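Notes to accompany the following structure.
The values are calculated or read from the model by the stated rules, or taken from the named source; none is laboratory data. Keep in mind the model is a prediction, meaning the values are calculated, not measured. Every residue, glycine as well, gets a Cβ built from its backbone with ideal geometry; the counts of neighbours run over all protein chains shown.
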Amino acid sequence: MPGDVDANQIGQTADSALILIVDDLRSSRSMIASILNAAGFPNHLFASDGVEALAILEREPVEMVILDIVMPNKDGFDVCREVRQRLRLNVPILIQTALQDADERASAFDAGASDVISKPIHPHEIASRVRLHLERRRMLDRLQRYQRRMDDELQAAEAMQISLLKSDEDVAAIASPRGADLWTFYKASNRLGGDLWQVFEIDETRFGLFMVDLSGHGVAAAINAFRVHMLTDALSRHRSRPASFLAAVNDYLCQMLPVEHFATAFYGVVDPSVGKMDYAIAGAPAPIVLQASGGWQALEGSGLILGCAPKTDYEAYEVDLERGDRVLCYSDGLYENFERPELSLEPADIARLACELLPVERGPGFLPALIERLFEGPDAQSQDDLTLLFLEVRGHG
Amino acid sequence: MEYRIEARRDRLIVSISGVITFDDHEAFRQIVSEIAGSDPSMVELSLAGTKMIDSAGIGMLLLAKDKADKSGKALILSGVTGHVAKVVELSKIDQLIKIV
C-alpha cells in the first residue's frame, strides 16, 4: 500500500517538515511513516500514546501532527485540547479515526483538530492533506511574520511622527510668557496620520499657531506631513505674516504634491499684548472664538486649498481677542461622520457644546471633555485624523 | 460610491452616488480612464446623488480635472448640494473646477 503514493509522481523534492505520528499500534505508525516517506516527507517522530506525544510537542519543533483518537493514558481529544489550550501551539493536527459518527468527528474539530481523516487510511488522501495543512500553516506563519514586521515599522514611524509635535511643556513655554494658555490634542485615525500642528515663537509678544491637514490618511499623508514640517521650519521669515506664510507653503506644495493630493491649513499669529490674532485660512474649518462674554463666532474668511494652484494669494484677516476669550481650532475629523453622515456636526453644534462645557471644564480639562462628549469616550475613535488646539487669552502682559 | 456613465452626443455624464472616500480610489481611476478615452469634449460629473465626500474624494475630482485638461476636454461639476457643497465652499475648489 505505501507504494500507492510515489514521490516522483507528485514530482517534488523532499519536504523537511518534522511530522509527529501518534498511534498506539506500531504497525499503524510504520505504515503512516512509509506513506509519508513515499510522498516526500521523510522527517518523522513517533509517540505511542498521548502523554508521550505531548512530551515531544513540548520540546521538538513539530510542524504537523497525525493523531489517533483511541489510545491508552491520554486519548486524541485530550491531546488536541492540551496542545491548543496549555501548550498554545497552532501546529496542524490531523486526526485519524475509524469512527464514522458525524458528532464524533465534530467533537474532534471542537477539541482543536485541523482536519479529520477516516480509517482505513488512504495513502493519497493522507499525503494530500498533510501537504495542504503544511502549506496553509506556512502561509499563515509568513503572513504573521510580515504583519509583525509591518506593525513594528508602523510603531517606529508613529513615534517619529509624534516626536514632531511639541510637548505640553514646550507649548506652555511659548504661550505662557506671552499671556496665553494653549492646549493641544492629536490622534491619527490609523497610527500614521496627515494632520500636523505647530507653535512658533515670533517675538516677545507674538506666537504662531499652525494646523495643517494633508489629504487622505495613512502612510502617504504622513510622509507629506513630515515634508510640511520640514518646509515650515525653513519658512521662518514668513511666520509673522499668515497670508504670505500660507502662500509660501502653497508654492512649495504645488511642486511637491501629485495632482490628487493637497492640504488644508489654518495659520494664526496671536498677540495677547494687543488683544489680536492675524490669520489666514486655506480650505480648513474656520476656528471658533468662544467669547469671554459667553457668545461665540466662527472666524470669517476662507481660501483655496494648498498645493493645487501656484501663486495663489491668501487673504489676511484679523480678529480681536479679549482677555478671557478662547479659540478652538479643529480638523475636519471632529465633525465629519462618513459611516453615519446624518451624525455629522455643524460649527454651531460644536460651538454650542463648547459653550456648555466651558463653565464646567476649562484649561487642560476642556479638550478631553469635548472629545469625550463628541466621541462618547476618551479615545476619539474618529475615522479621520483629529487635531485640536485650544487657546485661552489670559491677558495683556 | 456607485457611478453610471452616460454618453450623450455633446457630453459625457458621470453620475456618482453615495459617499466618495479613499476606499473608492480604484473605481474612480476607472472613471478617470473612461473620461480620457471618451469622444465628447465636455465631461459633466453629476454629484446630485453624492451624500458626502472626503479629502481623498476631492483629490479624485482634482485628478479627473487634470486628466480632462490633458486630453483637451472641459470638465464641470453639477448637482453640488449638501455636504459636498460645504466641502466645495470650504476648499474653494470652484476656483479650479467649474461648477454649474
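A few remarks follow.
- Considering residues of region B:15-54 that are acidic (Asp, Glu) and under 27 Å from residue A:333 (Cα atoms) only, the residue farthest from the other protein chains (Cβ to nearest Cβ): B:26
- Checking B:78, B:55 one by one, the residue that is surrounded by 22 or more Cβ atoms within 10 Å (Cβ to Cβ), hydroxyl-bearing (Ser, Thr, Tyr) and without any contact (Cβ under 8 Å) to a residue 60 or more places away in the chain is B:55 and no other.
- Of the strands (runs of 3 or more DSSP E) lying entirely inside region A:289-397, those containing at least 2 residues that are in contact with a Leu (Cβ under 6 Å, 6 or more places away or on another chain) span A:326-330, A:386-393.
- Screening region A:1-62 for helices (runs of 4 or more DSSP H) wholly inside it with 2 or more residues that are in the same structural domain as residue A:80 (by TED's automatic domain parsing), within 22 Å of residue A:135 (Cα to Cα) and modelled with pLDDT of 95 or more returns the ranges A:26-39.
- Some residue of region A:190-212 being among the small types (Gly, Ala, Ser) and out of contact with any helix residue (DSSP H, G or I) (no Cβ under 7 Å at 6 or more places or on another chain): yes
- The residue list A:221, A:247, A:225 contains one member that is over 19 Å from residue A:330 (Cα atoms), in contact (Cβ under 8 Å) with a residue 12 or more places away in the chain and either buried (at least 18 other Cβ atoms within 10 Å of the Cβ) or among the charged types (D, E, K, R) (or both), which is A:247.
- All of A:259, A:274 fail the test of being assigned to a loop (DSSP other than H, G, I, E, B) and under 29 Å from the mean Cα position of the chain (by Cα), apart from A:259.
- Count - residues of region A:90-119 that are outside any strand (DSSP E or B), touching a residue at least 12 places away in the same chain (Cβ under 8 Å) and not charged (D, E, K, R): 12
- Index of the failed condition, residue A:233 passing every other in (1) without any contact (Cβ under 8 Å) to a residue 12 or more places away in the chain; (2) touching a strand residue (DSSP E or B) at 6+ places or on another chain (Cβ under 8 Å): (2)
- Test result for residue A:267, within 33 Å of the chain's Cα centre (by Cα), without any contact (Cβ under 8 Å) to a residue 40 or more places away in the chain and more than 14 Å from every other protein chain (Cβ to nearest Cβ): no
- Verdict on residue A:76 being touching a Cys at 6+ places or on another chain (Cβ under 9 Å), closer than 26 Å to residue A:31 by Cα and assigned by TED's automatic domain parsing to the domain that holds residue A:38: no
- Remark: residue A:315 matches the filter, which requires a residue to be within 24 Å of residue A:263 (Cβ to Cβ) and either aromatic (Phe, Trp, Tyr) or within 14 Å of chain B (Cβ to nearest Cβ) (or both).
- The set of residues in region A:189-218 being of a type in the set (Asp, Glu), over 19 Å from residue A:167 (Cα atoms) and surrounded by fewer than 22 Cβ atoms within 10 Å (Cβ to Cβ) consists of A:203, A:204.
- Restricting region A:325-381 to residues that are among the basic types (Lys, Arg) and under 27 Å from the mean Cα position of the chain (by Cα), the residue that is modelled with the lowest pLDDT: A:340
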